[in-house]
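This is the structure I want to talk about, given as structure tokens.
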Amino acid sequence: MYTSKAQTKLNAKMGLIIVSILSLFNATIGTIIAVKENLSSVTPLLTTGKPALEDFLTGNGTALSPPLYLCIVTLVLIILAFQPKLPGKIGVYGLTILGCIFLFGELVERNTYHALNPSTLNLPVALDVLVEIIIAILMITFGLLTIIQQRQAHHQAVA
């Protein structure tokens, strides 16, 4: 089956947008679980000691979700990614960088290892953590594919 380069480009960009939207949904679920169980963010470098809800609203986020301001930034970047030219590039680059930040955040969060430990397994928490790690990896992958495709298209247009 033949697929045009424009269609492939659209698919990678749409993949990034869809996965970023899923990230917001997963963050919402993670926030609800974290607030219910008071799972504040605990990392080796940044720990506020605030309750989970307060940490989500004004701090580093919860053990299962990024802070509110990063969720808002994600939403703005998703909207930008739909736009053509420079705003679209800003959206794609921004979502790719956020994917890296989200993955890093999950990997340094102490609760990630506690949630995935078989002896302390809490299934809803473990599923939320695993989904966020997978989503972050997909954001990075789709973002890099889109960036590569945009650069190739730019070089072909110049040549």
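Helix by helix through the chain, keep the DSSP H runs that span 27 Å or more along the axis on Cα and average at least -1.0 on Kyte-Doolittle, and give those back in order.
Numbers: long enough: 5-37 (47 Å, 0.86); 85-108 (35 Å, 1.34); 123-158 (52 Å, 1.32).
What comes out of the filter, once short or polar helices are dropped, is 5-37, 85-108, 123-158.
If you don't mind, there's one more thing I want to ask. Relative contact order for segment 54-151 using alpha-carbon pairs under 8 Å, separation at least 6, rounded to a whole percent? Provide the component values of the computation, followed by the final result.
Working: 98 pairs, mean separation 24.2, N = 98.
Once normalised by length, the contact order is 25 percent.
To continue, here is another question. Using the per-residue mean of other Cβ atoms lying within 10 Å as a proxy for protection, in what order, highest first, do the peptides 33-43, 77-87 fall? Walk me through the numbers before you get to the answer.
Working: 33-43: 19.3, 77-87: 14.3.
Most protected by this proxy first, the peptides run 33-43, 77-87.
Calculate, for Ile79 and Thr28, the FRET efficiency according to 1/(1 + (r/R0)^6) with r their C-beta to C-beta distance and R0 25 Å; round to the nearest 0.05.
Details: r = 18 Å, r/R0 = 0.70.
It comes out at approximately 0.90.
Calculated from the structure, Cα extents along the principal axes in Å equals which of (1) 54, 50, 21; (2) 56, 33, 24; (3) 53, 39, 36?
Correct label, based on the coordinates given: (2).
Here's another thing I want to ask about it. Over the chain, how many pairs of lysines fall under 28 Å by alpha carbon, counting only those 8 or more apart in sequence or from different chains?
On the way: Lys5/Lys13; Lys5/Lys85; Lys5/Lys89; Lys9/Lys85; Lys9/Lys89; Lys13/Lys85; Lys13/Lys89; Lys36/Lys50.
For the chain, qualifying lysine pairs total 8.
Skipping prolines and chain starts, which residues have an amide H placed within reach, meaning under 5 Å, of the one on Ser40, given they are 5 or more residues away or on another chain?
Amide H neighbours of Ser40: Ala52, Ala63.
Coordinate-derived values only; no laboratory data. These figures come from a predicted structure and were not determined experimentally. Positions of Cβ are backbone-derived with ideal geometry, glycine not excepted, and every protein chain shown enters the neighbour counts.
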